[in-house]
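First comes the structure, then the notes that go with it.
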Amino acid sequence: MPVKKHLMIAAQVLMLALLPSAALAQQELLSDPEIYEMDHFRKQCQTAEFGSAFMTRLDINNDGIVDALSNHGELTCDGKKGAECNEDGCPYNFYLRAKEGGYFMIATARIYSYDFIKRFGNMVFVMKMHPRFCERTDDKPCEMTVRVRGGRFVTISKK
């Protein structure tokens, strides 16, 4: 095969490898994740009702700025509470607030529940989830402890 053909193929492979990173460009900031999610579900459901714990505001990454998380188990869609929940738990979306204003989503997790506690001076989530997330087959919930660092979850421990 001629050298030019090798270079063209190499260039095409490189372009394909770069495409996913272009797709992961910085996401647009949301002015308020609660309004954003409520509007989304109002379009998905004939009637959407939101429990008092649908959106929780707290500083999840220890930067002094109040962030947000949504609990889809608190959504009643067309009369069915927690319609997106199943044996693995309910979807939760985690949003960080940017210093310049606005929010961006950093994670979605399907969990049973969580505790937000202080460990060694930092706030962490202890998430209760399906045992398979801890590589177990018993029926006791997995407890995964995570910290938000640099805009992403960092797992501290699993049991």
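The values are calculated or read from the model by the stated rules, or taken from the named source; none is laboratory data. All values reported here derive from a predicted model rather than from experimental measurement. Note: accessible area is taken over every heavy atom of the protein model, side chains too, but ligands, DNA and RNA are not part of it. Shrake-Rupley method; radii C 1.70, N 1.55, O 1.52, S 1.80 Å.
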How big, in percent, is the set of alpha carbon pairs in the stretch 111-153 lying more than 16 Å apart? 41
Across the stretch 78-91, in residue order, what do the Karplus-derived ³J(HN,Hα) couplings come to in whole Hz, using 6.51 cos²θ - 1.76 cosθ + 1.60 with θ = phi - 60° and x for Gly and Pro? 6, x, 9, 6, x, 4, 8, 7, 8, 4, 8, x, 10, x
Backbone HN-Hα couplings from phi across the stretch 110-120 [Karplus 6.51/-1.76/1.60, Hz, Gly and Pro as x]: 9, 9, 7, 6, 8, 10, 10, 10, 9, 10, 6
Once 129, 123 are ranked on solvent-accessible area with the largest value leading and a 1.4 Å probe, the list reads 123, 129
Would you list 157, 70 from the most to the least accessible area, probe 1.4 Å? 157, 70
Share of Cα-Cα pairs in the stretch 69-159 lying beyond 18 Å, as whole percent: 51
Rounded Å value of the spacing that divides the Cα centres of the stretch 34-107 and the stretch 141-159: 19
Sorted by accessible surface (1.4 Å probe, heavy atoms of the protein chains only), largest first, 110, 152 come out as 152, 110
The stretch 144-151 - phi-based ³J(HN,Hα) in whole Hz, Karplus 6.51/-1.76/1.60, Gly and Pro as x: 10, 9, 10, 10, 8, 9, x, x
Cross-link pairs beyond the 29 Å C-alpha cut-off, checked among 80/159; 81/118; 80/158; 118/140; 99/158; 118/159: 80/159; 81/118; 80/158; 99/158
